Amino acid sequence: MPDDQMFPPSAEMAANAHADRATYDAMYEASVADPESFWAEHGKRIDWIKPYTRVKNTSFAPGNVSIKWFEDGTLNIAANCIDRHLKERGTQTAIIWEPDSPDDEAQHITYQQLHAHVCKFANVLKGMGVGKGDRVVLYMPMIPQAAYAMLACARIGAIHSIVFAGFSADALSARINGSDAKVVITADGAPRGGRVTNLKDNVNQALLHCDDNVQCLIVKRTGQQVAIRPTGDVWLHEAEADVSNDCPPEEMNAEDPLFILYTSGSTGMPKGVVHTTGGYLVYASMTHEYTFDYKDGEVFWCTADVGWVTGHSYIVYGPLANGATTVMFEGVPTYPDAGRFWAVCEKHKVAQFYTAPTALRALMGQGNSFVEPYDLSSLRILGTVGEPINPEAWNWYNDVVGKGKCPIVDTWWQTETGGHLLTPLPGAIPTKPGSATLPFFGIQPVILEPTTGEEIHETAAEGVLCIKDSWPGQMRTVWGDHERFEKTYFSDYKNYYFTGDGCRRDADGYYWITGRVDDVINVSGHRMGTAEVESALVAHQKVAEAAVVGYPHTVKGQGIYAYVTLMGGEEPSDELRKELSDWVRSEIGPIAKPDLIQWAPGLPKTRSGKIMRRILRKIAEDDFGALGDTSTLADPSVVDDLIENRMNR
Ligand code: WTA
């Protein structure tokens, strides 16, 4: 049984880490017994302009969900991530930027330089009329200016909303309009894996569907030709020539919004998750320090994109609040070859390496010869995030990358949670391949029986994962729609935060995430709502109806399987399959492209017209022996046709 395979921390790790088992147990116990005192103490890890006197004021009560932490304190996040380090480590590298091509030179940006860049950037934004509370959308490559832009917003109190640069122009315009942004920050082009995406073109297309007054600030990355609009477009390097590098940080309330980040849910279009200032920074910085056992002077590398929450918390805010050296990587794991990650680890002497299981599975498939040439002796801790890791990939990571000496921290969390909720601490918790193990300080996970909502108190349990009480990094609301916030996370199970994940707790009290229990799928660690893909498909003129489900995929974790019913008179063909795939790509982005499209003359529906997704999932999984009861279907014969013509065999 994989459950029984345990990997305890080495004695050396336990002795030198921020927390050994006894420390973890004592701190965890204190954090749940008296959260007020625990967080009153740990809130001090960051600098406050006006210290808080109220620590926790939170309620999950139906109709009255309200989450406030440190609510009367004031601070500035950019000052915490930059200014407060200047005296002690002004000349230390804050950001190491590794460009897409290994032939181009890496950049080392010190805290002093970061300060100057961010202040100038902030003054440029001010010059464009951006002030406290205004929204700024970022649509950026993984370049240092993405971090400068985030911190510049934080410095002047503007709210950033990053849109992953792999999203299409349509998805971008929806997000610009969703937050009423004043400015979009982008670059001329984004090199990735040797290919260049013309970001500014996408922005221009998106802005056709936005208010005429939305301005665009452009970073010169590639120097390629781009179309500049007659008004409202500004080049960063030109605007920076005219501004000073002095920009005093704005005094922000702990509960002022820091950023909006759109994420997929089970229904409707993506929602804008709102994180605020004080609690978020306390939680991001504390998890960064403890989960990765980060020590002064170490080089930390999280391979995520700043377009996802992982990039927010563990490339920028957590590490910089801790005065760390953080790596920003512009490229992809397989360019110029499958050894790139390990080449970069060797080159920059990375101590903590944090990536997604999908990348590990892809690299594992390329063979050990891409890892072996590199000196990985600087690595101390390995991390994973985004999806369950299969034991085979875990063991490969442990043996081939970590040489059996680096603890693996499998961190379970969400855009909504701001930082890790379930994770081993490297010096404290024996790991088991595939388990995110135990809760972080202050987190009270519970397993509920899915239909009754009753909490299961036995240690060994399986059901839906909820969290009993608030923690400082929790999202505060859905941008512009607090009702949706309550409905999504607090209505199915009263007085709990509902995660949307299924979970098993084993006899040792370890948590094993079993995957989403809603209509969200996880493709290569990216969250995608099946409803979003369906609405993109039915927006195509040849499509009458579509149903989308996930199915197991060896590299991506889950693939996208679409059942499509065509309009009368339309003929199915491979060309049409490609046309529909390309269509979804242009409507949402490449990550939403269906892997398999099955032509469905009819979809299995109940007599009241509800699509029976359970059946569609089983067929997509090639597991139709276990279809269960189909007697409530309006027309059971459609199922036979779907089985007959299934795509995943
Ligand atoms: C899944 C990413 C298993 C889970 C930080 C969650 C995981 C969703 C893990 C959130 C993990 C994330 N093990 N599953 N270690 N980490 N997930 O918002 O289903 O992009 O609900 O945040 O990813 O995805 P999101």
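Whenever you get a sec, line up W394, W235 from highest to lowest accessible area (probe 1.4 Å, protein heavy atoms).
I get W235, W394, largest accessible area first.
Considering only DSSP beta bridges where both residues belong to the chain, give the percentage that are antiparallel (nearest 5).
Numbers: 59 of 100 bridges.
The answer is about 60 percent antiparallel.
I'd like the carbon and sulfur percentage of the solvent accessible area for the chain, probe radius 1.4 Å, heavy atoms only, ligands and nucleic acids excluded. If you can, show how the numbers build up before the last one.
On the way: 11750 of 24090 Å².
On the chain, the fraction of accessible area on carbon and sulfur atoms equals 49 percent.
Find the centroid of the Cα atoms in the stretch 261-340 and in the stretch 205-256, then give the distance between the two in whole Å.
Taking the Cα centre of the stretch 205-256 as reference, the centre of the stretch 261-340 is 23 Å away.
Enumerate the residues in the stretch 284-305 having an amide nitrogen under 16 Å from the point lying 7 Å beyond the Cα of Y335 toward its Cβ.
So the set is 304-305.
Before rounding to the nearest 500, sum -39500 (n - 2.57) across all DSSP H runs of length at least 4 in the chain and divide by the residue total; then give [θ] at 222 nm in deg cm²/dmol.
Values: 20 runs with 181 residues, N = 649.
Calculated mean residue ellipticity at 222 nm is -8000 deg cm²/dmol.
When only C-alpha pairs under 8 Å and at least 6 residues apart count, what is the relative contact order of the chain, in percent? The partial results should precede the final answer.
Details: 1430 pairs, mean separation 87.3, N = 649.
Result for the chain is 13 percent.
Once you order the gyration tensor axes a ≥ b ≥ c over the Cα atoms, which shape class does the stretch 524-645 get: rounded for a/c under 1.5, otherwise prolate or oblate by comparing a/b with b/c?
Numbers: a/c = 1.78, a/b = 1.24, b/c = 1.44.
Taking the square roots of the gyration eigenvalues as a ≥ b ≥ c, the stretch 524-645 is oblate.
Quick check: Cα centre of the stretch 154-197 to Cα centre of the stretch 511-569, how many Å?
Result: 24 Å between the Cα centres.
Can you give me the solvent accessible area of M567 with a 1.4 Å probe, rounded to the nearest 10 Å²?
M567 has an accessible surface of roughly 80 Å² with all protein chains in place.
For the stretch 366-461, which trypsin sites (Lys or Arg not before Pro) pass both filters: DSSP loop (anything but H, G, I, E, B) and at most 15 other C-beta atoms within 10 Å? Intermediate results must be reported in sequence, preceding the final value.
Working: sites: R380, K403, K405; in loops: R380, K403, K405.
The qualifying sites are K403, K405.
What is the stretch 524-645's relative contact order, in percent, from Cα pairs under 8 angstrom and six or more apart in sequence? Write out the running numbers ahead of the final one.
Details: 175 pairs, mean separation 27.7, N = 122.
This gives 23 percent for the stretch 524-645.
Of the cross-linked pairs K487/K618; K120/K271; K50/K132; K271/K542; K405/K468; K56/K120, which ones have a Cα-Cα span greater than 24 Å in the structure shown?
Details: K487/K618 28 Å; K120/K271 32 Å; K50/K132 18 Å; K271/K542 28 Å; K405/K468 35 Å; K56/K120 36 Å.
Over 24 Å apart, Cα to Cα: K487/K618; K120/K271; K271/K542; K405/K468; K56/K120.
Long-range amide H contacts for K295: which residues qualify at under 5 Å (H placed 1.01 Å from N, peptide plane, sequence gap of 5 or more or a different chain)?
Residues meeting the criterion, in which the H sits 1.01 Å from N, do not exist here.
What pairs from K182/K593; K126/K200; K44/K295; K494/K605 go past 24 Å between their alpha carbons?
Values: K182/K593 30 Å; K126/K200 22 Å; K44/K295 18 Å; K494/K605 30 Å.
Violating the 24 Å limit, Cα to Cα: K182/K593; K494/K605.
Please give the contour-minus-distance gain from K578 to E36: 0.36 nm per residue of separation, less the Cα-Cα distance, rounded to one decimal in nm. The partial results should precede the final answer.
Working: separation 542, 0.36 × 542 = 195.12 nm, distance 5.59 nm.
Length gained between K578 and E36: 189.5 nm.
Any idea which of Y283, V32, I159 is furthest toward the positive side of the dipole for the chain, if Lys and Arg beta-carbons carry +1 and Asp and Glu beta-carbons -1?
I159
Which trypsin sites (Lys or Arg not before Pro) in the stretch 1-75 sit in a loop by DSSP (not H, G, I, E or B) and have at most 16 other Cβ atoms within 10 Å of their own Cβ?
Hits after loop and neighbour filter: R54.
Given an 8 Å cut-off on Cα distances and at least 6 residues of separation, report the relative contact order of the stretch 380-489 as a percent. The partial results should precede the final answer.
Values: 158 pairs, mean separation 21.5, N = 110.
So the answer I get is 20 percent.
Take the alpha carbon gyration tensor of the stretch 263-380, find the square roots of its eigenvalues, order them as a ≥ b ≥ c, and report rounded if a/c is under 1.5; if not, report prolate when a/b exceeds b/c, else oblate.
On the way: a/c = 2.67, a/b = 1.32, b/c = 2.02.
Cα axes put the stretch 263-380 in the oblate bin.
Compute the accessible area per residue over the chain, keeping the other protein chains in place, probe 1.4 Å, unit Å². Show your work: numbers first, answer last.
On the way: 24090 Å² over 649 residues.
Normalised by residue count, the accessible surface of the chain is 37 Å².
Name the shape class, rounded, prolate or oblate, that the alpha-carbon gyration tensor gives for the chain, where a ≥ b ≥ c are the square roots of its eigenvalues, rounded holds for a/c under 1.5, and otherwise prolate holds if a/b is larger than b/c and oblate otherwise.
Values: a/c = 1.41, a/b = 1.16, b/c = 1.21.
It comes out rounded by the Cα gyration axes.
Antiparallel versus total DSSP beta bridges in the stretch 524-645: what percent is that, nearest 5?
Here the share of antiparallel DSSP bridges comes out near 75 percent.
Specify the longest stretch of the chain that does not include any exposed loop site, a site being one of the GluC sites (Glu not before Pro) with a non-H, G, I, E, B DSSP assignment and at most 12 other Cβ atoms within 10 Å. Don't skip to the end; give the middle numbers.
Values: sites that count: E105, E454, E458.
Result for the longest clean stretch: 106-453.
The values are calculated or read from the model by the stated rules, or taken from the named source; none is laboratory data. Remember, it's a predicted structure, so these values are computed and weren't measured experimentally. Methodologically, a virtual Cβ is constructed for each residue, glycine included, from the backbone with ideal geometry; neighbour enumeration extends over all protein chains shown. For the accessible areas, the whole protein counts, side chains as well, though only heavy atoms, and no ligand, DNA or RNA atoms are used. Shrake-Rupley method; radii C 1.70, N 1.55, O 1.52, S 1.80 Å.
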